[in-house]
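See below for the structure under consideration.
The values are calculated or read from the model by the stated rules, or taken from the named source; none is laboratory data. Bear in mind that the values here come from a model prediction, so they are computed numbers and not experimental data. Cβ coordinates were reconstructed from backbone atoms using ideal geometry, including for glycine residues, and neighbour counts include every protein chain displayed. Remember, those area values only see protein heavy atoms, side chains included, never the ligands or the DNA or RNA. Shrake-Rupley method; radii C 1.70, N 1.55, O 1.52, S 1.80 Å.
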Amino acid sequence: MKKIVFTAPRSAEIRECEIPSYGANEVLLQNERIGVCGTDIQVFMGRNRYMQFPVTPFHEGVARVVKTGKDVKNVKAGERVTIRPILSCGHCYSCERGHENACENFNCLGVQSDGLGAEYFVIDKHYVYPISKKCPLDQAVLIEPFAVGVHAAVRGKVCGRRVLVVGAGTIGNFTAQACGLLGAKQVCICDLSEDKVKMAERSGISICLNSHSRTLTDVAKEAFGTFPDVIIDCVGAKAVLPQILELAGKTTDIVIVGNYSEPVLIDAAKIQRNELNVYGNITYTEEDFRKAVELVMDQKVYMDGFISAKFQFDQAQEMMDFAAENRGINMKVVMDYGVSGCGKEG
Ligand SMILES: [Zn+2]
Ligand SMILES: [Zn+2]
């Protein structure tokens, strides 16, 4: 079989290797489609702190089950599945308390270990979830990023509250949709890019504002007339967090979803004096992931138009160059492995 290997910054090779063998509790998957996210671009550029070259990339995927080990009961050969790509150890302090997403031995496919950028892949049965035949591949491949939004909404305890989501890329958009689906009273999303604001409008998010050349405080005032109960940061840029702290009212909950790649100077007194609750957010728990699968299968999530470009397996280098260069513009770049059973899909 073939696999993609990132060998050095900005270098993606395709190599021949053996199809991996599987144990009693494992499944052999044939990958069908993967999505590229910011993390993959970081890995491609050699800028992710937790990776080493060479690595086989990608963690957002849809696959067909080829074979199952003798103790696998949750999926059958031939079924299509989505993959929960965050492997947890099951026995550390976090895992034992149900925070497997914050596992001390955190292992994301395609970062800390080899990922889905291969024709075949073997994984433990606990990480695969059957999905309906009716679900197009281009939607199924978005379940993983949507699960991040579900976790953020859970962290923000959004039910019945006014939520401002800062940043309307794929994760921001999905976070805002998840907030609505989990019962938020009002959801406002903002972005500097008019394209992303328009996308948010099409997605049915109730208040979508352009934050270009205005402060988040102005944005929130227009949306709610006051400060929000919950602010979810889906940007992760230096200029954003100080503005969020400026906007926050007393006791506001702040959830940081965006990946900060450098330290940020903040006024900690704002957190102390206002009794702000600042939460981190890393991927999702197994429960969040199941919820995400369920909401997507029930067609509750708007997912049209998120795929901005599609590449074939042998175009790995081209795809990653494209994704890296078009970071600000793209919603989601995907790779089609060209193996779907049915040609008319997604
Ligand atoms: Zn991702
Ligand atoms: Zn653990």
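At a temperature of 4 °C and a viscosity of 1.567 mPa s, determine how fast segment 177-218 diffuses translationally according to Stokes-Einstein, using the Kirkwood radius over alpha-carbon pairs as Rh; express D in µm²/s, rounded to the nearest whole number. In µm²/s, the coefficient rounds to 121. If the segment from GLU222 to TYR93 were pulled out straight at 0.36 nm per residue, it would be longer than the present Cα-Cα gap by 42.1 nm. Close amide H pairs (under 5 Å, H built 1.01 Å from N) link GLY236 with GLY258, residues at least 5 positions away or on another chain. DSSP bridge analysis restricted to segment 149-280 gives an antiparallel fraction near 5%, rounded to the nearest 5. When you restrict to C-alpha pairs under 8 Å that are six or more residues apart and normalise by the size of the chain, the relative contact order lands at 18 percent. Normalised size of segment 149-280, defined as Cα radius of gyration per 2.2 N^0.38 Å with N residues, equals 0.93. Cα centroids of segment 109-166 and segment 300-318: 15 Å apart.
Computed on segment 248-308, the Cα convex hull volume stands at 159 Å³ per residue.
Stokes-Einstein diffusion for segment 70-228, with the hydrodynamic radius set to the Kirkwood value over Cα pairs and evaluated at 25 °C in a medium of 0.890 mPa s, equals 137 µm²/s.
Taking K and R as +1 and D and E as -1, what net charge do the other residues with C-beta under 12 Å from the C-beta of THR285 add up to? Summing Lys/Arg as +1 and Asp/Glu as -1 gives +1.
Within the chain, no whole DSSP H helix has Cα atoms reaching 30 Å or more along its own axis together with a mean Kyte-Doolittle score of at least 1.0.
Here's how it looks for GLY115: its modeled amide H is under 5 Å from those of THR56, GLY110, which are all 5 or more places away or on a different chain. Largest to smallest in accessible area, the residues MET331, MET199 fall in the order MET331, MET199 (1.4 Å probe, all protein chains included).
In terms of overall dimensions, the C-alpha atoms belonging to the chain reach 58, 40, 38 Å along their principal axes, ordered largest to smallest. The alpha carbons of segment 32-98 occupy a box of 39, 34, 19 Å along the principal axes, longest dimension given first. Distance from the Cα centroid of segment 6-45 to that of segment 231-276 is 35 Å (rounded to whole angstrom). Assuming R0 = 41 Å, can you tell me the calculated FRET efficiency for the pair ARG273 and ASN74, based on Cβ-Cβ distance, to the nearest 0.05? Efficiency, from the Cβ-Cβ distance: 0.25. Rolling a 1.4 Å probe across all protein chains gives GLU275 an accessible area of roughly 130 Å². Between CYS159, CYS89, CYS208, the residue with the greatest mean-square fluctuation in the GNM of the chain (Cα pairs under 10 Å linked by springs) is CYS89.
How much accessible surface does ILE34 have with a 1.4 Å probe, in Å² rounded to 10? Roll a 1.4 Å probe over it and ILE34 shows about 0 Å².
Which trypsin sites (Lys or Arg not before Pro) in segment 123-173 pass both tests, a DSSP loop state and at most 11 other beta-carbon atoms within 10 Å? All intermediate terms of the calculation are to be shown ahead of the outcome.
Working: sites: LYS125, LYS133, LYS134, ARG155, LYS157, ARG161, ARG162; in loops: LYS133, LYS134, LYS157, ARG161.
For trypsin sites (Lys or Arg not before Pro) across segment 123-173 that sit outside H, G, I, E and B with at most 11 neighbouring Cβ atoms in 10 Å, the list reads LYS133, LYS134.
Total lysine pairs in segment 149-280 at Cα distances under 22 Å, for residues eight or more apart or on different chains: 14. With a/c under 1.5 counting as rounded, go ahead and sort segment 1-122 into rounded, prolate or oblate using the C-alpha gyration tensor (a ≥ b ≥ c being the square roots of the eigenvalues; past the cut-off, prolate if a/b is larger than b/c, else oblate). Oblate shape, in that a/c is at least 1.5 and b/c is the bigger or equal ratio.
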